[in-house]
């Protein structure tokens with residue numbers, strides 16, 4: 001059975017410490033997606049964010065030092081100063097923050113009394129709804145204040161067995177210590193509640209008229225409004241966290257992958273890929289997430305080479321070393337996650353290993369030597385850099401790059417243009433064994449029709465040709481010339 005504390009979701013805030021794959025208190029960088037008319041997706045820089053909350057036209061972030069930063073529309077007003085905050089939650093026109101001493105701070109519109117926070121310093125969780133709020137005390141009891149639409153304030157249940165809370169547009173949701181759920185407010189939004197006592201987490205966004213709940217078996221249940229399918233979570237029993245937007249939802253699976261569904265008019269369900277989310281929060285039409293910081297590593301393409309020439313027509317392997325140091329142990333790399341310019345490293349035999357450990361640069365630290373199939377590399381035209389990505393065994397993302405010089409196909413003399421000079425070089429060595437400089441353009445060791453095809457396909461590329469452009473001979477002509485010239489060449493070499 002999963003520990004319920006592993007999945008607690010407070011309001012629209014998913015704590016980093018409680019997200020799949022995240023260590024308690026782990027900080028990261030921010031990403032955002034969806035509607036951005038007010039800059040609510042223009043996230044601030046930094047890798048020390050531990051919590052986020054997405055609202056309507058604005059977003060909030062909580063730093064590891066306990067300070068709060070806001071971006072987007074400034075209609076709510078000045079963000080409170082100080083560095084003793086532990087949780088944040090955005091409503092429609094107001095915001096809440098929980099202090100380390102257990103007290104609550106609020107700012108923004110107070111038209112419905114939503115900023116008239118209750119006294120006391122025994123609060124452990126907060127959730128801002130559209131115009132009302134819900135808070136959880138240390139003794140497991142609840143407090144509500146703000147707009148009383150549909151009885152969402154006055155009908156707050158008694159008791160002291162609550163362990164998680166969520167506030168929606170005009171409804172609230174709570175999770176009991178026995179795994180059951182209670183909801184109240186607008187009947188369409190919170191009136192129907194799934195039965196059972198096997199729930200471990202709940203979610204209800206400030207602008208959302210629907211709710212989500214997570215069962216012990218990792219499946220999701222949704223209820224409330226369903227105009228865009230936001231209450232219809234995908235099947236599967238491997239979910240660990242979720243958040244509700246206005247008419248969309250986002251969830252995370254145990255393998256750290258993200259799933260989104262519902263309305264996508266502004267890219268709400270276009271969750272960024274290629275990174276590991278530590279936590280995330282859905283707002284009205286956008287979402288904000290904290291992602292695991294990427295560790296920069298040093299790599300050396302073609303160790304011993306200065307300009308790293310790469311012939312993309314070659315059939316061989318490109319050697320690449322990930323360099324170790326006194327602060328980086330290459331043995332911590334998960335070799336199965338590595339990729340260079342879209343290519344995966346070649347396995348060494350049937351060992352299951354892709355790299356070999358050796359001190360490539362003789363600095364006293366072990367490096368990881370890899371080989372990538374050149375035919376699998378993918379570069380944009382004119383690229384001068386190759387990027388290696390992957391992750392460590394603990395899930396930390398890594399990235400490193402090195403310069404490359406992409407050779408022009410068919411350019412035997414490496415002068416930047418494929419022309420008759422290159423054809424002459426290849427013709428004089430046709431039928432023999434040789435290197436790239438001899439006309440072996442696919443670097444398979446033999447100079448043959450395969451190399452002729454590469455030269456012909458790229459003839460005239462590179463620098464603009466000057467003078468009269470002469471067509472290169474067709475293969476039949478080349479073979480005829482070779483049939484006469486090759487025996488003579490071989491006799492000459494025997495003498």
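Let's see how each residue does on (1) touching a residue at least 24 places away in the same chain (Cβ under 8 Å); (2) crowded, with 20+ Cβ neighbours inside 10 Å; (3) at positive phi:
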site	(1), (2), (3)
324	yes, yes, no
327	no, no, no
367	yes, yes, no
379	yes, no, no
394	yes, no, no
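Could you pull out the residue among 179, 195, 218 that is modelled with pLDDT of 95 or more, surrounded by fewer than 22 Cβ atoms within 10 Å (Cβ to Cβ) and over 27 Å from the mean Cα position of the chain (by Cα)?
Details: 195 fails: modelled with pLDDT of 95 or more; 218 fails: over 27 Å from the mean Cα position of the chain (by Cα).
Testing whether each residue is modelled with pLDDT of 95 or more, surrounded by fewer than 22 Cβ atoms within 10 Å (Cβ to Cβ) and over 27 Å from the mean Cα position of the chain (by Cα) leaves just 179.
Being touching a helix residue (DSSP H, G or I) at 6+ places or on another chain (Cβ under 6 Å) and either loosely packed, with under 15 Cβ neighbours inside 10 Å or under 24 Å from residue 179 (Cβ atoms) (or both) is true for just one of 224, 274, 304. Which residue is that?
Exactly one residue qualifies, and that residue is 224.
Does residue 304 count as under 30 Å from residue 211 (Cα atoms) and either outside the structural domain of residue 45 (by TED's automatic domain parsing) or in contact (Cβ under 8 Å) with a residue 12 or more places away in the chain (or both)?
Numbers: under 30 Å from residue 211 (Cα atoms): no; either outside the structural domain of residue 45 (by TED's automatic domain parsing) or in contact (Cβ under 8 Å) with a residue 12 or more places away in the chain (or both): yes.
Criteria not met by residue 304.
May I ask you to list the residues in region 307-334 that are part of a loop (DSSP other than H, G, I, E, B) and touching a strand residue (DSSP E or B) at 6+ places or on another chain (Cβ under 9 Å)?
The answer is 307, 308, 311, 312, 315, 316, 324.
Among the listed residues 241, 206, 167, 246, identify the single one that is over 26 Å from residue 275 (Cβ atoms) and buried (at least 16 other Cβ atoms within 10 Å of the Cβ).
After applying the criteria, what remains is 167.
Among (1) over 27 Å from residue 299 (Cα atoms); (2) surrounded by 15 or more Cβ atoms within 10 Å (Cβ to Cβ); (3) out of contact with any strand residue (DSSP E or B) (no Cβ under 8 Å at 6 or more places or on another chain), which single condition is residue 411 missing?
(3)
Can you tell me which of 378, 424 is in the same structural domain as residue 315 (by TED's automatic domain parsing) and modelled with pLDDT of 90 or more?
Going through 378, 424 in turn, the sole match is 378.
Kindly evaluate residue 361 against the criterion of being in a loop (DSSP other than H, G, I, E, B), surrounded by 14 or more Cβ atoms within 10 Å (Cβ to Cβ), in contact with a strand residue (DSSP E or B) (Cβ under 9 Å, 6 or more places away or on another chain) and not assigned by TED's automatic domain parsing to the domain that holds residue 47.
yes
The values are calculated or read from the model by the stated rules, or taken from the named source; none is laboratory data. Values in this document were obtained by computation on a predicted structure and should not be read as measured data. Note that we place each Cβ from the backbone using ideal geometry, even for glycine, and neighbour counts take in every protein chain shown.
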